[in-house]
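Values quoted throughout were computed directly from the atomic coordinates according to the rules given, and no laboratory measurement underlies them. Small disclaimer: the values here were computed from a predicted structure and weren't measured. Heads up, the Cβs are rebuilt from the backbone with ideal geometry, glycines too, and the neighbour counts pull from every protein chain shown.
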Amino acid sequence: MSRIRILPEAVANRIAAGEVVERPASVVKELLENALDAGASSIRIEIESGGKRMIRVTDDGCGMAHDDALLAFERHATSKLRTSDDLTSIATLGFRGEALPSMASVARLLLETRAAEDENGTRVEFAGGKLVGVKPAGLPIGTSVAVADLFYCVPARRQFLKSETTELGHIASLVTHYALAHPDKHFALKTPSQEIVNTPPVATLAERFYQLFGKQSLDEMIEFEPQSAPMRAAITETDLDDAGRAAQLTVGGFISRPEVQRANRNGIYIFVNRRLVRDRLLLHAVHEAYRNILPSGVYPVVLLFLDLPPAEVDVNVHPAKIEVRFRHPQFVHDFARDTMRLALGRARPVPSFAAAAAAAVSSSPAQPAAAAGGGLFAGRRL
């Protein structure tokens, strides 16, 4: 008798779901990205019990036709890729076709959607990976996905979730930073008792930062306008082809002033082509930019936005799409570091001690400069 068996589809789906759906914030991330890819201008997120009881994401995007609404729950079914060559130039936030089937396999899911060309919408309901019902419904254009009782059919996974407050905090942080990445969109995050985020569309990143964090936090940051440079090969890399020479890397965002210090890296957020990512290369670039500016063991607050051609970055690294690889990592690292360092230098010019001393002497020639002005540290808190 063979000892190797093919797993039932339901079991395989739940195993795969563990890579995509780690916690309620993972659900929100996938649904947010789907809404943005659908061209939504307004996205509303409703949360109950930290996302454990219910998550609903509603958008006014293009919606789906009846057949597409059913196909969306087939694993690796997606409208964003056609051939394997498309993997080298992914311009959408989602592309793997795993989010909806993964959620449907570990929760109760209700999809309501309608495309602009259809008179009626479609309502599709799943529970624990099983199709419960499909029926037409009168719906507005767009899509609404409600995910209830997350991990109800996988009790072991549910036990690893944190408190409702902690899970809600992860969701709020995610929505806040996607709102920063898309200032031209309306984001709303609500619970039954409070409205956590409500950001109407604005024209600039600075306005969106003010909406979310207020004037005091904005004053603690340095905004640096996007800087662009043609992609070029470092000494250790091969020469670029014609497409590579035409490619541009753009870096911009906000960095904190030197007096703003954090005990951990939780204030560093990096976006690549408006996708929130974790990347050691760019984290190192941030640390290098602040070298000899911040003491060891403390960290800045950074919102770093990189834009480059899709062919220059590989996002097909991790099922959750939170890791990337760059075609020319050394150049990306050095340009990001130098751009941030230049912004810090402009905001914190090197003082001219000779000029300051001369001015002090001329103002009170009969007294030493330290006695007249209190010395170089006068007025400062040490």
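If you rank 317, 147 by fewest surrounding Cβ atoms within 10 Å, what's the result?
317, 147
Within 11 Å, Cβ to Cβ, of residue 127, how many net charges do the neighbouring residues add up to if Lys/Arg are +1 and Asp/Glu are -1?
Result for the local shell: 0.
Based on Cβ point charges of +1 for Lys and Arg and -1 for Asp and Glu, what charge dipole magnitude is obtained for the range 220-347 about its Cα centre, in debye rounded to the nearest 20?
The dipole magnitude comes to about 420 debye.
Can you sort 276, 32 from fewest to most other Cβ atoms within 10 Å of each residue's own Cβ?
276, 32
Towards the positive end of the charge dipole of the range 220-347, with charges on Cβ (+1 Lys, Arg; -1 Asp, Glu), say which of 247, 306, 268 has the farthest Cα.
268
For the range 220-347, what percent of Cα pairs sit more than 18 Å apart?
Above the 18 Å cut-off, the range 220-347 has 52 percent of its Cα pairs.
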